[in-house]
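See below for the structure under consideration.
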Amino acid sequence: MKCKICKGEAYIKIKYPKMALCKEHFIEYFEKKVQKTIKKYKMIDPEDKVLIAISGGKDGAVVTYVLKKLGYNVECLHINLGIGDFSKKSLEYVKKQTSYIGVKCHIIDLKELTGKSIPEVKSRKPKCSICGTAKRYIVSKFAYDNGFNVMVTGHNLDDEAAFILNNVMNWSTEYLARQGPVLPQKGKFPKKVKPLYELTEEEISAYSSAVGLEVFSEKCPFAKKAITLEYKEMLNKLEETRPGTKYRFVMGYLKNRHLFEKEIEDIPLIECKVCGMSSSGEVCSFCKTWRLKEGIDLKIGND
């Protein structure tokens, strides 16, 4: 294969739009697509203070690398969940990545913060649910306490297509009404954006290799095969025979998302009586799960 632009040796063959690109022109294509996505959905302004949640995987590392290269004011946050060797390796990769990129990374140790790591929390809820609650809360609280007005996640086109399909199959209309590339600021929760929204996992993996990022690919020992992974496999099969399926599906959803908005029950947010963060009830899920008696302060100094 030859690069569509320079006719040099191809580094990747992109299925949609169908074209082959050399490493140099693929990097250029990828970064332009991220910038176009940011502008298209009005995600980030040059003056914004941006916080990126990073775990050592490809998505967080890549979105950090690109946003830093594009000149945005970014810092990272990593949460050490205390899941044995998995968390130790995750932290090692995060340190390598942020050092390589040249971006400040704040590290929060869950056990030091709450007295318990993920494996030590006793609850009827699945560990993945407990972990998700912890990560969402800590990232939001850290952002709020330290003046970050935009939070970035590494969700990509494959993630979004599988999530939408899962919720269509179950007709979870409330989730369908709330999903999208930008989740607006609400209460004390800053705006959340997804700059990799229109890029596939395959493209993200190729980009991470092209720019020399070392990424952590080991799966969490608590993770079970989620239904969304099965939907990803189904969508990948469709993509092979019908390139552009994922993109058209997600864009079609965005065009018709308004059809589900009437299903949203607009529950007013109040302040959690323990920590003061926005909550739909008197005590937020995080404070309930960790049985906190007082709020945690995540404000940092000028480190």
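The values are calculated or read from the model by the stated rules, or taken from the named source; none is laboratory data. These numbers come from a predicted model, not from an experiment. Cβ atoms come from the backbone with ideal geometry, glycine included; neighbour counts cover every protein chain shown. Accessible surface areas use protein heavy atoms only, side chains included; no ligands, DNA or RNA. Shrake-Rupley method; radii C 1.70, N 1.55, O 1.52, S 1.80 Å.
Listing for the model above:
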{"quantity": "Residue, most open to solvent (accessible area, probe 1.4 Å), within segment 22-41, restricted to residues that are touching a Phe, Trp or Tyr at 6+ places or on another chain (Cβ under 6 Å) and farther than 18 Å from Lys191 by Cβ", "calculated": "Lys23"}
{"quantity": "Residue pairs meeting the criteria (Cβ under 8 Å; at least 6 apart or on separate chains; first closer than 13 Å to Ile27 by Cβ, in segment 1-12; second aromatic (Phe, Trp, Tyr) and part of a loop (DSSP other than H, G, I, E, B))", "calculated": "Cys3/Tyr11"}
{"quantity": "Residue ranges of strands (runs of 3 or more DSSP E) in segment 49-127 with at least 1 members open to solvent by 70 Å² or more (accessible area, probe 1.4 Å), touching a helix residue (DSSP H, G or I) at 6+ places or on another chain (Cβ under 8 Å) and more than 22 Å from Ser209 (Cα to Cα)", "calculated": "105-109"}
{"quantity": "Residue in segment 71-88 that is of a type in the set (A, V, I, L, M) and over 27 Å from Lys299 (Cβ atoms) present", "calculated": "no"}
{"quantity": "Evaluation of Leu196 against (1) assigned to a loop (DSSP other than H, G, I, E, B); (2) surrounded by fewer than 17 Cβ atoms within 10 Å (Cβ to Cβ) (one fails), failing number", "calculated": "(2)"}
{"quantity": "Test: residue in segment 25-35 that is closer than 30 Å to Pro221 by Cβ, among the β-branched types (Val, Ile, Thr) and in contact (Cβ under 8 Å) with a residue 60 or more places away in the chain", "calculated": "no"}
{"quantity": "Residues that are touching a Ser or Thr at 6+ places or on another chain (Cβ under 8 Å) and of a type in the set (S, T, N, Q), drawn from segment 118-160", "calculated": "Ser123, Thr133, Asn156"}
{"quantity": "Conditions (1) over 19 Å from Gly252 (Cβ atoms); (2) surrounded by 18 or more Cβ atoms within 10 Å (Cβ to Cβ); number of the one not met by Glu201", "calculated": "(2)"}
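For every residue, the table says whether it meets (1) without any contact (Cβ under 8 Å) to a residue 40 or more places away in the chain; (2) within 28 Å of Phe148 (Cα to Cα); (3) open to solvent by less than 50 Å² (accessible area, probe 1.4 Å).
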{"residue": "Asn170", "(1), (2), (3)": "yes, no, no"}
{"residue": "Leu176", "(1), (2), (3)": "no, yes, yes"}
{"residue": "Gln185", "(1), (2), (3)": "yes, yes, no"}
{"residue": "Phe189", "(1), (2), (3)": "no, yes, no"}
